[in-house]
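Asker: Quick one: the structure is below, and I'll ask about it shortly.
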Amino acid sequence: MIHDAIVIGAGPTGLACAIELKKRGLSAFCIDKGCLCNSLYNYPANMTFFTTPELLEIGDIPMTSLNDKPTRVEGLKYYRRVAEHFQLDVHQYEAVLSVTGEDGHFFVESAKQQYRCRKVILATGFYDIPNPVGCFGEDLPKVTHYYQEAHPYWRTHVAVIGAKNSAAIACLELFWTGAKSITMIHRGPAIHHNVKYWIKPNIENRIKNGEVTAYFSSTVTAIRPTEIDVLTPSGPVTLPNDFVLAMTGYRPDLAFLGSMGITLQPDTLKPLTDPVTLESQRKGIYLAGVIVAGMHTNEIFIENGRFHGRQIAEAIRQCVSV
């Protein structure tokens, strides 16, 4: 069987693409190496979106929330129900290994089998691979780049690397849950200026009161089973440590994009795409969502990336119907 399109990525943007294709009578399915909305699933368990429900909607299906701004749990429930409503075919936990062939005759090789399709849509997001800490011991089991909840860290020594929203939220929840010690380590001079306005003063007060120890303009130089080394402006220090939450950010799988013949601008990592159809330089392969913005990830969120599906689906419909 040859599909009209295969959508690589099953986040909100990937689902929106699949919905728009289905509305136009085109055959397609989503495939993802993780679960449905995998990036959203990896957000902190108690996270609240910075936006209102209607800006997260896809497929013209209303989203409701108990409060003005929906939570992660509400978001995941909403996208599950949308996928069920449209009876979307979603292949979870199936990593794509390669895409070969040419426009109209692509072969998508996954960890399970090979598929044939006429078009390919990349909606893999920009949060695919965690940025490394770059120090000895970062591969130890006690190091994680994904924080969900504080309960496992009760009465333990925890180091949090980073000072953006995820790091600040983690530190606050660790404090409220009863971690033995919480240390924030950040290479910058202070809490990041983009931290949400209701979180920033809270974490700054915890630091001021000594409830969270902060080392700014500092880096972790080594991680060992029971301690870590930190290089601070005052010199090196060694701290007792049970867990490291490396909130160091993420990057797209550049090697995967390169293997598919996607050309990126060297300064911004923006892929070269047609502004109307979002087709890449490799004919027949389209890009959707935050990867279209490259390093400028603040330009595209779910709020506007969800509309990429309409552009792409309409372009594919016109090609397939010719």
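Asker: Here are some conditions: (1) modelled with pLDDT under 95; (2) surrounded by fewer than 17 Cβ atoms within 10 Å (Cβ to Cβ). Residue 164 meets all but one. Which one does it not meet?
Answerer: Result: residue 164 fails condition (2) only.
Asker: Among the residues of the range 59-76, is any of a type in the set (Ser, Thr, Tyr) and either buried (at least 18 other Cβ atoms within 10 Å of the Cβ) or not assigned by TED's automatic domain parsing to the domain that holds residue 93 (or both)?
Answerer: Checking the range 59-76: not a single residue is of a type in the set (Ser, Thr, Tyr) and either buried (at least 18 other Cβ atoms within 10 Å of the Cβ) or not assigned by TED's automatic domain parsing to the domain that holds residue 93 (or both).
Asker: Which residues, taken from the range 85-112, are in a loop (DSSP other than H, G, I, E, B) and either at positive phi or among the small types (Gly, Ala, Ser) (or both)?
Answerer: 87, 93, 95, 104, 111
Asker: Can you name every residue in the range 239-272 that is surrounded by fewer than 12 Cβ atoms within 10 Å (Cβ to Cβ) and either part of a loop (DSSP other than H, G, I, E, B) or at pLDDT 85 or above (or both)?
Answerer: Those that are surrounded by fewer than 12 Cβ atoms within 10 Å (Cβ to Cβ) and either part of a loop (DSSP other than H, G, I, E, B) or at pLDDT 85 or above (or both): 265, 266, 267, 268.
Asker: While we're on this one: Here are some residues: 112, 69, 22. Which one is modelled with pLDDT under 95 and either more than 23 Å from the chain's Cα centre (by Cα) or not polar (S, T, N, Q) (or both)?
Answerer: Unique residue meeting the criteria: 69.
Asker: So which residues in the range 1-50 are hydrophobic (A, V, I, L, M, F, W, C), assigned to a loop (DSSP other than H, G, I, E, B), touching an Asp or Glu at 6+ places or on another chain (Cβ under 7 Å) and under 21 Å from residue 116 (Cα atoms)?
Answerer: 10, 26
Asker: Of everything in the range 160-172, what is in a helix (DSSP H, G or I), within 24 Å of residue 224 (Cα to Cα) and in contact (Cβ under 8 Å) with a residue 60 or more places away in the chain? Give them in sequence order.
Answerer: Answer for the range 160-172, where residues must be in a helix (DSSP H, G or I), within 24 Å of residue 224 (Cα to Cα) and in contact (Cβ under 8 Å) with a residue 60 or more places away in the chain: 166, 167, 170.
Asker: Would you check which residues across the range 35-82 are among the β-branched types (Val, Ile, Thr) and free of Cβ contacts under 8 Å to residues at least 40 places away in the same chain and list them?
Answerer: 48, 52, 61, 64, 71, 73
Asker: Something else about it: Any chance the range 64-84 includes a residue that's assigned to a loop (DSSP other than H, G, I, E, B) and under 19 Å from residue 307 (Cα atoms)?
Answerer: No, the conditions are met nowhere in the range 64-84.
Asker: Separate question: Among the residues of the range 197-216, which ones are in a loop (DSSP other than H, G, I, E, B), in contact with a strand residue (DSSP E or B) (Cβ under 9 Å, 6 or more places away or on another chain) and farther than 15 Å from residue 161 by Cβ?
Answerer: Once the filter is applied, which keeps residues that are in a loop (DSSP other than H, G, I, E, B), in contact with a strand residue (DSSP E or B) (Cβ under 9 Å, 6 or more places away or on another chain) and farther than 15 Å from residue 161 by Cβ, the range 197-216 yields only 211.
Here is a yes/no grid of residues against (1) touching a residue at least 60 places away in the same chain (Cβ under 8 Å); (2) closer than 11 Å to residue 245 by Cα; (3) in a strand (DSSP E or B):
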| residue | (1), (2), (3) |
| --- | --- |
| 148 | yes, yes, no |
| 158 | yes, yes, yes |
| 176 | no, no, no |
| 184 | no, yes, yes |
| 189 | no, no, no |
| 193 | no, no, no |
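Asker: If you don't mind, there's one more thing I want to ask. Which ones in the range 167-190 are exposed (fewer than 14 other Cβ atoms within 10 Å of the Cβ) and either within 14 Å of residue 249 (Cβ to Cβ) or within 22 Å of the chain's Cα centre (by Cα) (or both)?
Answerer: 188 - this is the single residue of the range 167-190 that is exposed (fewer than 14 other Cβ atoms within 10 Å of the Cβ) and either within 14 Å of residue 249 (Cβ to Cβ) or within 22 Å of the chain's Cα centre (by Cα) (or both).
Asker: Oh, and also: Scan (1) under 18 Å from residue 241 (Cα atoms); (2) surrounded by fewer than 17 Cβ atoms within 10 Å (Cβ to Cβ) for the single condition residue 137 breaks and write down its number.
Answerer: Just one mismatch for residue 137, condition (2).
Asker: Specify the residue that is nearest to residue 38 (Cα to Cα); the eligible residues are those in the range 87-122 that are touching a Leu at 6+ places or on another chain (Cβ under 8 Å) and either exposed (fewer than 14 other Cβ atoms within 10 Å of the Cβ) or not polar (S, T, N, Q) (or both).
Answerer: Selected residue: 92.
Asker: Give the residues of the range 191-208 that are modelled with pLDDT of 95 or more and either surrounded by fewer than 14 Cβ atoms within 10 Å (Cβ to Cβ) or farther than 20 Å from residue 218 by Cβ (or both), sorted by residue number.
Answerer: Correct list: 201, 202, 205, 208.
Asker: Taking interchain pairs and intrachain pairs at least six residues apart, which have beta carbon atoms under 7 angstrom, with the first residue in the range 229-257 and within 15 Å of residue 182 (Cβ to Cβ) and the second part of a helix (DSSP H, G or I)?
Answerer: 243/153; 245/170; 247/166; 247/167; 247/170
The values are calculated or read from the model by the stated rules, or taken from the named source; none is laboratory data. Owing to the predicted nature of the structure, the values given are computational and were not obtained by experimental measurement. Neighbour counts are summed over all protein chains in view; Cβ atoms, including those assigned to glycine, are modelled from backbone coordinates with ideal geometry.
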